[in-house]
1. Return yes or no: is G96 open to solvent by less than 60 Å² (accessible area, probe 1.4 Å), at pLDDT 95 or above and either in contact with a strand residue (DSSP E or B) (Cβ under 6 Å, 6 or more places away or on another chain) or over 16 Å from L12 (Cβ atoms) (or both)?
2. Can you give me the number of residues within segment 6-30 that are open to solvent by 10 Å² or more (accessible area, probe 1.4 Å) and either touching a residue at least 24 places away in the same chain (Cβ under 8 Å) or hydroxyl-bearing (S, T, Y) (or both)?
3. Among (1) touching a residue at least 40 places away in the same chain (Cβ under 8 Å); (2) in a helix (DSSP H, G or I); (3) among the β-branched types (V, I, T); (4) touching a Lys or Arg at 6+ places or on another chain (Cβ under 9 Å), there is one condition V94 misses while meeting the rest; what is its number?
4. Answer with yes or no whether R115 is over 23 Å from G21 (Cα atoms), in contact (Cβ under 8 Å) with a residue 24 or more places away in the chain and among the charged types (D, E, K, R).
5. All but one of (1) modelled with pLDDT of 95 or more; (2) open to solvent by less than 40 Å² (accessible area, probe 1.4 Å); (3) under 22 Å from F41 (Cβ atoms); (4) within 19 Å of the chain's Cα centre (by Cα) hold for R71, so report the exception by its number.
6. Return the pairs, sorted by first residue and then second, in which the second residue is modelled with pLDDT under 95 and hydroxyl-bearing (S, T, Y), the first residue lies in segment 126-154 and is more than 20 Å from L87 (Cα to Cα) and open to solvent by 30 Å² or more (accessible area, probe 1.4 Å), the beta carbons are less than 6 Å apart, and the residues are 6+ apart or on different chains.
7. Give the number of residues within segment 1-43 that are among the charged types (D, E, K, R) and not in a helix (DSSP H, G or I).
8. Considering only segment 44-73, state which residues are without any contact (Cβ under 8 Å) to a residue 40 or more places away in the chain, not in a loop (DSSP other than H, G, I, E, B) and not basic (K, R).
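The values are calculated or read from the model by the stated rules, or taken from the named source; none is laboratory data. The structure presented is a predicted model; accordingly, all values stated were derived computationally and were not measured. Cβ placement follows ideal geometry from the backbone for every residue including glycine, while neighbour counts extend to all protein chains displayed. For the accessible areas, the whole protein counts, side chains as well, though only heavy atoms, and no ligand, DNA or RNA atoms are used. Shrake-Rupley method; radii C 1.70, N 1.55, O 1.52, S 1.80 Å.
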Amino acid sequence: MPVHDERRLFELLTLEGAQAGLSWETILNKRDGYRRLFARFDPARVARFTARDVRRLLRDPAIVRHEGKIRSAIGNARALLALKGELGSFDRFVWGVVGGTPRRPKATARRVPTRTPESDALSAALKARGFTFVGSTICYAFMQAAGLVDDHARPCFRARGALPT
């Protein structure tokens, strides 16, 4: 479903980065821990985290204790604030990749893309602005979660035009 709340977009980007190499179920089970430990995903607060905060987070089993992913979330909060300072809106920036309207790539129950030209573009744009853990596959998963793409297969009740069963 389309997401435009900037704090929620930051949360989704952070969780997608944390999920890299892990099951999505692992991250879902730790989502409340992430929300608590990452200041409810307030980018301004996360951007002020220090080395002491990193050490604190590395000790807490409520999240994935991967130093690179923790530092990435903090750095991405700083990059997001810089982007907002320059362009005014992280929401407009990410939604600009799809022209403001969710894309509907061809997807079936058996074949859902893991990356697209749009996710490649978003990844490159984020990396150019200092974001990390934002490869094209992570960006595509983020785009799915934030509703920038709607690749629900026809049998899914979320598919555009489908009725709940």
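1. On the way: open to solvent by less than 60 Å² (accessible area, probe 1.4 Å): yes; at pLDDT 95 or above: yes; either in contact with a strand residue (DSSP E or B) (Cβ under 6 Å, 6 or more places away or on another chain) or over 16 Å from L12 (Cβ atoms) (or both): yes.
So G96 passes the test.
2. The initial filter retains those residues of segment 6-30 that are open to solvent by 10 Å² or more (accessible area, probe 1.4 Å), namely 6-8, 11-12, 14, 16, 19-26, 28-30.
Restricting the remaining residues to those that are either touching a residue at least 24 places away in the same chain (Cβ under 8 Å) or hydroxyl-bearing (S, T, Y) (or both) gives 6-8, 11-12, 14, 16, 19-20, 22-23, 26, 30.
Selection size over segment 6-30: 13.
3. (4)
4. Criteria not met by R115.
5. (2)
6. Close Cβ pairs satisfying both conditions: T137/T114.
7. Going through segment 1-43 one residue at a time, the tally reaches 2.
8. A44, V46, A51, D53, V54, L57, L58, E67, I70
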